[in-house]
1. Is there a residue being modelled with pLDDT of 95 or more, basic (Lys, Arg), surrounded by fewer than 24 Cβ atoms within 10 Å (Cβ to Cβ) and more than 16 Å from the chain's Cα centre (by Cα) anywhere in the stretch 30-39?
2. Return the total of residues in the stretch 241-260 being in contact (Cβ under 8 Å) with a residue 40 or more places away in the chain and either in a loop (DSSP other than H, G, I, E, B) or within 20 Å of the chain's Cα centre (by Cα) (or both).
3. Within the stretch 158-181, which residues are surrounded by 18 or more Cβ atoms within 10 Å (Cβ to Cβ) and of a type in the set (Gly, Ala, Ser)?
4. Only one of these is in contact (Cβ under 8 Å) with a residue 12 or more places away in the chain and over 20 Å from Gly87 (Cα atoms): Arg162, Arg228. Name it.
5. Pairs only if they're at least six apart or on different chains, beta carbon under 8 angstrom, first in the stretch 23-46 and farther than 19 Å from Val69 by Cα, second among the hydrophobic types (A, V, I, L, M, F, W, C) and in a strand (DSSP E or B); list them, first residue then second.
6. Take the residues in the stretch 130-147 that are among the β-branched types (Val, Ile, Thr) and outside any strand (DSSP E or B), then tell me which one is farthest from Gly159 (Cα to Cα).
7. Do we have any residue at all in the stretch 182-190 that's part of a strand (DSSP E or B), open to solvent by 30 Å² or more (accessible area, probe 1.4 Å), touching a strand residue (DSSP E or B) at 6+ places or on another chain (Cβ under 8 Å) and over 17 Å from Tyr249 (Cα atoms)?
8. For the stretch 19-39, give me each residue that is in a helix (DSSP H, G or I) and out of contact with any Gly (no Cβ under 7 Å at 6 or more places or on another chain).
Amino acid sequence: MKTALVTGAGSGIGAAIAQRFAEGGAVVGVLDRSAEGVAATVARLKDAGLKAEGLVCDVTDAEALDAGVAGFAVRHGALEAAVACAGIASRHTIAQMDAETWRRVIDVNLTGAFLLTKAAAACAAPEGASISIISSIAAQHIAFLSGVHYASSKAALTGLVRHAAFELGRRGIRVNAVGPGPMTNGMGGRTIDPERAAANARNLPLQRLVEPSDVAEVCWFLASPAARAVTGAYLPVDSGFLTGRGVPYRAYFDLHEEAF
């Protein structure tokens, strides 16, 4: 792996993905709208002796994104991997949500992923490339901590991935979605109260929350030769959340009178 680019890499899951690809030997384009976040991730990688270049850009700005991705490819070589991780959320019910709030989340989460897919495909290596799009369990469930705008954006990514995988497959470009479940951190790398985190973990079949590095490893796998026949897939990384659709895990064993 020589080149990779990750959006939303200024913090959280995106930063972990950037680190994993850099550890795998790639020069990583660290792209985020936060200049501070980009600088922090790039500094962390370079301090570890890894290769990275910062790109400050809003993924909804098609012209800037195209220029940023193309410039990175000119400087470091055609893209072998790209990961669309930029995403936002807010907490609103349908009644509380205005049109602008809806549009902003759809623009970043869905349109941003489309624009990154288009830009990465235009700069992909001749032998092919991997594009991974970070979705969510909300794509197949509900967005309990956010709202209908977030759930809709993530569900729509499933269609984007399926169609892009179909259309770009002839060029050896594989497109897949990764769906993180309950995390050890909040969006943007925010910390979660330890008691709440422990309670969330107890409600999962694997009895552990998902860490950013768990998602990063799946993206690395999808970009590897081991996944050369994998495209158009949605891979949940959720500690088993979707197996029970979030039902109270221990209550199942209580109901069946079986010791946990």
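The values are calculated or read from the model by the stated rules, or taken from the named source; none is laboratory data. Keep in mind that this is a model prediction, so the values were computed, not measured. Counting neighbours? That spans all protein chains shown, and the Cβs are built from the backbone with ideal geometry, glycine included. Each accessible area value is taken on the protein alone, full model and side chains, heavy atoms only, with ligands, DNA and RNA left out. Shrake-Rupley method; radii C 1.70, N 1.55, O 1.52, S 1.80 Å.
1. Checked against the condition, which is being modelled with pLDDT of 95 or more, basic (Lys, Arg), surrounded by fewer than 24 Cβ atoms within 10 Å (Cβ to Cβ) and more than 16 Å from the chain's Cα centre (by Cα), the stretch 30-39 yields no hits at all.
2. 5
3. Those that are surrounded by 18 or more Cβ atoms within 10 Å (Cβ to Cβ) and of a type in the set (Gly, Ala, Ser): Ala164, Ala165, Ala177, Gly179, Gly181.
4. On inspection, the qualifying residue turns out to be Arg228.
5. Partner pairs satisfying both residue conditions: Leu45/Val28; Leu45/Val30; Leu45/Ala52; Lys46/Ala52.
6. Ile142
7. Scanning the stretch 182-190, I find no residue that is part of a strand (DSSP E or B), open to solvent by 30 Å² or more (accessible area, probe 1.4 Å), touching a strand residue (DSSP E or B) at 6+ places or on another chain (Cβ under 8 Å) and over 17 Å from Tyr249 (Cα atoms), so the answer is no.
8. Matches in the stretch 19-39: Gln19, Arg20, Phe21, Ala22, Glu23, Ala35, Glu36.
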